[in-house]
1. Name, by its number, the condition in (1) under 22 Å from MET19 (Cβ atoms); (2) surrounded by 15 or more Cβ atoms within 10 Å (Cβ to Cβ); (3) of a type in the set (Val, Ile, Thr) that does not hold for VAL71.
2. Counting just the residues of segment 34-48 that are over 17 Å from TYR82 (Cβ atoms) and modelled with pLDDT of 95 or more, which one comes out surrounded by the most Cβ atoms within 10 Å (Cβ to Cβ)?
3. Within the set of pairs 6 or more residues apart or between chains, which connect a residue that is farther than 13 Å from HIS44 by Cβ inside segment 76-92 to a residue that is assigned to a helix (DSSP H, G or I) with Cβ atoms less than 7 Å apart?
4. Scan segment 84-94 and give yes if some residue there is out of contact with any helix residue (DSSP H, G or I) (no Cβ under 8 Å at 6 or more places or on another chain), surrounded by 12 or more Cβ atoms within 10 Å (Cβ to Cβ), farther than 27 Å from SER5 by Cβ and not charged (D, E, K, R), otherwise no.
5. Give me the strands (runs of 3 or more DSSP E) completely within segment 11-86, filtered to those with at least 2 residues that are within 12 Å of the chain's Cα centre (by Cα), ordered by residue number.
6. Return the residues of segment 72-91 that are in contact with a Phe, Trp or Tyr (Cβ under 7 Å, 6 or more places away or on another chain) and either under 17 Å from SER29 (Cα atoms) or not charged (D, E, K, R) (or both); say none if nothing qualifies.
Amino acid sequence: MATGSFCDRALAGVWVFPMRYPLKVIGDSAQPMQDIVGALLQRHIPDFDPTTLSCQPSSAGRYVSVRAEFVLHSKEQVDRLYADLAACPQIKLVL
């Protein structure tokens, strides 16, 4: 019998590690989103350089998107990163 969730089994061939991974995080522009995202990424990707983050304000200026690209080494690393991103109250959306 197969183990893991249906999604894990279906995506097993997609997750080939190590892999370059793009990430976009959206949050309130009143928050220091670049610092928040940089700290979260450094917690999970030790060699991540926060100076590589790029930021873009929304057209109305209410939100800011923070973009990053980094190398992931395992599915567990992905799961832990997304759990921390989801738990962060300043983050509104992760793409």
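The values are calculated or read from the model by the stated rules, or taken from the named source; none is laboratory data. Here the structure is a predicted model, which is why all the values come from computation and not from measurement. Here the Cβ is made from the backbone with ideal geometry for all residues, glycine too, and neighbour counts use every protein chain on show.
1. Of everything listed in (1) under 22 Å from MET19 (Cβ atoms); (2) surrounded by 15 or more Cβ atoms within 10 Å (Cβ to Cβ); (3) of a type in the set (Val, Ile, Thr), VAL71 misses just condition (2).
2. GLN34
3. GLN90/MET33; GLN90/ILE36; ILE91/LEU85
4. First, pick out the residues of segment 84-94 that are out of contact with any helix residue (DSSP H, G or I) (no Cβ under 8 Å at 6 or more places or on another chain): 86-87, 89, 92-93.
Cutting the leftovers down to surrounded by 12 or more Cβ atoms within 10 Å (Cβ to Cβ) gives us 92.
The next check asks that each one be farther than 27 Å from SER5 by Cβ; those that pass are none.
No.
5. On the way: elements: 19-28, 54-57, 63-72.
Passing ranges, in order: 19-28, 63-72.
6. Start the filter on segment 72-91 by keeping residues that are in contact with a Phe, Trp or Tyr (Cβ under 7 Å, 6 or more places away or on another chain), which leaves 72-75.
The answer is LEU72, HIS73, SER74.
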